[in-house]
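Scroll down for the structure; my scribbles are underneath it.
Taken together, the values in this text are just the output of simple stated rules run on the coordinates, not laboratory data. Only a predicted model underlies this, so the values are computations on that prediction, with no experimental measurement involved.
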Amino acid sequence: MSAAWRYTTDQQMDAITSEVERLWVGLMANGELSRRARGAGIAATAMLRPRSDLIRVEEVGTGRDRRTRTLTVSVGPSADADSADSLVAVLSDVWRDILVPRLRNRFGADAMQEERPPRPEARHEERPSSP
């Protein structure tokens, strides 16, 4: 199981991944990741993997103009893990509640704009006309 989001940013990919890594190390050092894991009933050791095994940030293209790029962020273990569903829930919370706000604080409020999936268009079925 995994979860994923799509963002548009005007920041360089290296800057985003470096900051995510720096923040992740800080969360490990201050025990926040272990506390969240234990709170969800997950062994704290589940969070002791490299960040890139648990939260992946990838550039997938350019945004609406040449200055912006599109990123996908996916969370979840890169290999099967015990309590995978709970781990994805904890990682999703860490991404949304801690990392994204801190990235926006560091790079600006518009630095990580989540893209909403397009709304499905209403489908109008053509009905045969009556004779």
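Some observations on this one:
- Extension reserve of the residue 86-residue 30 stretch, reckoned as 0.36 nm per residue once the Cα distance is removed: 18.0 nm
- Percent of alpha-carbon pairs separated by more than 22 Å within segment 1-111: 30 percent
- Additional length obtainable on full extension of the chain from residue 96 to residue 6, 0.36 nm per residue less Cα span: 31.2 nm
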